[in-house]
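The values are calculated or read from the model by the stated rules, or taken from the named source; none is laboratory data. Since this is a predicted model, take the numbers as computed values, not measurements. Quick reminder, even Gly has a Cβ in these numbers, built from the backbone with ideal geometry, and neighbours come from all protein chains shown. Note: accessible area is taken over every heavy atom of the protein model, side chains too, but ligands, DNA and RNA are not part of it. Shrake-Rupley method; radii C 1.70, N 1.55, O 1.52, S 1.80 Å.
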Amino acid sequence: MSLKIFINGQLFDKDDAKISVYDHGLLYGDGVFEGLRSYSGRVFRLEQHLRRLWDSAKAIWLEIPMSREAMAAAINETLRANKLTDAYIRLVVTRGAGSLGLDPNRTSHPQVIIITDKIQLYPEEMYEKGLEIITVNTQRNHPAALSPRIKSLNYLNNILAKIEGLQAGCVEALMLNHKGEVAECTGDNIFLVRDGILSTPPKDAGILEGVTREAVMELATQAGIQVREIPLTKHDVYIADECFLTGTAAEVIPVVKVDSRVIGAGTPGKMTRDLKQRFHRLARE
Ligand code: PXG
């Protein structure tokens, strides 16, 4: 049975799921998206992901042609059609097909796409040993130009950083903002532990406000850990006792080396392992 893809209210076989080459999502990256996950048939933090999708759309003057309730129902319908319980879910809303010009007024209706597929996980070894990452030259988008808070289809900023990381043999890469402060990784948020305090860059540091980031901050607070959203520098990263990344695909993944500096003891730290386990339970409970 072929994988079914949802486009504008209809399910298509994967090979027949097609969008116009005149779609402004393709021509200009004009659109928004979300990446979600389901565990045992339940979508993790669905409301928060839909809220972010609608916020992203609002910021680019894109009206999603359905309600959040209808989107939630469509996600579940697509998961069921593919008999998927533990899945990766990609929501895409494009500006729609138009003429060869930037003007979004000259497009037809937005296209709503829902892809549900098997989730591609990082190898278990990376969680046990921890990642080595580097800081890349590609600066995170200036918030005044294109806010990183918008999860838009224009992901070149992150892709260029990802390529730099891959060329150095790293699966993730750290990006700094226009002020030289730590922002986030290409598809993950970053956390540091120092003297038992958990720190992460604030939302105005030029980051996507990750759903996993939010969940981990809640879990840490519940566990009695002091959590701070404060500007961080590379120096703070180098002298941290622990470092980890959060994201829908990665969940919580330890980082043990940054720019050739060993973080803490060079193995995943205690708080990192604890929060990783707490998140694992939260997502699957
Ligand atoms: N920063 C950026 C730039 C992201 O794209 C995150 C942080 C983490 O946010 P969440 O809400 O997932 O905790 C992301 C999320 C993919 C993929 O297919 C990318 C993300 C999430 C899921 C899948 O590359 N990025």
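Over the range 56-209, what is the relative contact order in percent, taking alpha-carbon pairs closer than 8 angstrom and at least six residues apart?
Reported as a whole number, the value is 18 percent.
Against the 2.2 N^0.38 Å scaling, with N counting residues, where does the chain land? I'd like the Cα-based Rg ratio to two decimal places.
So the Cα radius of gyration is 1.02 times the expected 2.2 N^0.38 Å.
Give me the net charge of Ala144's neighbourhood, meaning all other residues with Cβ under 14 Å from the Cβ of Ala144; Lys, Arg count +1, Asp, Glu -1. Numbers along the way, then the final one.
Details: positive: Arg140, Arg149, Lys179; negative: Asp204.
Every neighbour counted, the sum reads +2.
What is the packing order of peptides 167-176, 24-33, taking the mean over residues of other C-beta atoms within 10 Å and listing the highest first?
Working: 167-176: 19.4, 24-33: 21.0.
In descending order of packing, they fall as 24-33, 167-176.
Can you find, among Leu91, Val171, Phe244, the residue sitting farthest towards the positive end of the charge dipole of the chain, where Lys and Arg contribute +1 and Asp and Glu -1 at Cβ?
Most positive-ward Cα: Leu91.
Separation of the range 233-285 and the range 36-62 by C-alpha centroid, Å?
After rounding, the separation between the Cα centres reads 25 Å.
Quick check: the angle from helix 156-167's long axis to the longest principal axis of the chain, C-alpha only, nearest 10 degrees?
With both axes taken from Cα atoms, the answer is about 50 degrees.
For the range 129-285, what does the equivalent ellipsoid look like in terms of its semi-axes, each the square root of 5 times an eigenvalue of the Cα gyration tensor, given largest first in whole Å?
Taking √(5λ) for each eigenvalue gives 23, 18, 15 Å, largest first.
What per residue convex hull volume, in Å³, do the alpha-carbon atoms of the range 4-118 yield?
89
Once you have the alpha carbon radius of gyration of the range 63-222, what is it after dividing by 2.2 N^0.38 Å, with N set to its residue count?
1.22
Within the accessible area of the range 4-118, what % is carbon and sulfur when the probe is 1.4 Å and the other protein chains stay in place?
Details: 3150 of 6000 Å².
Its accessible area is 53 percent carbon and sulfur atoms.
Taking the mean number of other Cβ atoms within 10 Å as a proxy for protection, how do you rank 12-22, 234-244 from highest to lowest?
In decreasing order of mean packing, 12-22, 234-244 become 234-244, 12-22.
Using per-residue counts of other Cβ atoms within 10 Å, averaged over each peptide, order 100-110, 187-197 from highest down.
Descending packing order for the listed peptides: 187-197, 100-110.
Using a probe radius of 1.4 Å on heavy atoms only, what accessible surface per residue do you get for the range 4-118? Whole Å² is fine.
Numbers: 6000 Å² over 115 residues.
Value returned for the range 4-118: 52 Å² of accessible area per residue.
Which pairs, out of Lys18/Lys276; Lys118/Lys151; Lys203/Lys276, put more than 30 Å between their alpha-carbon atoms?
As for pairs spanning more than 30 Å Cα to Cα, those are Lys18/Lys276.
Which value, in debye to the nearest 20, describes the size of the charge dipole of the range 4-118 about its Cα centre when Lys and Arg Cβ atoms bear +1, Asp and Glu Cβ atoms bear -1, and nothing else is charged?
So the dipole magnitude of the range 4-118 works out to roughly 340 debye.
Accessible area of the range 143-285 with a 1.4 Å probe: how many percent of it is carbon plus sulfur?
Values: 3100 of 6150 Å².
Ligands and nucleic acids excluded, carbon and sulfur give 50 percent.
Counting only C-alpha contacts under 8 Å and six or more residues apart, can you give the relative contact order of the chain as a whole percent?
Answer for the chain is 17 percent.
Angle check, please: helix 270-284 long axis (alpha carbons) against the longest principal axis of the chain (alpha carbons), in degrees 0 to 90, nearest 10.
Value to nearest ten degrees: 30.
Below 13 angstrom from the Cβ of Glu124, what's the summed charge of the other residues (Lys, Arg +1; Asp, Glu -1)? Please list the in-between numbers first.
Numbers: positive: Lys129, Lys276; negative: Glu125, Glu128, Glu251.
Within the 13 Å Cβ shell, the charges total -1.
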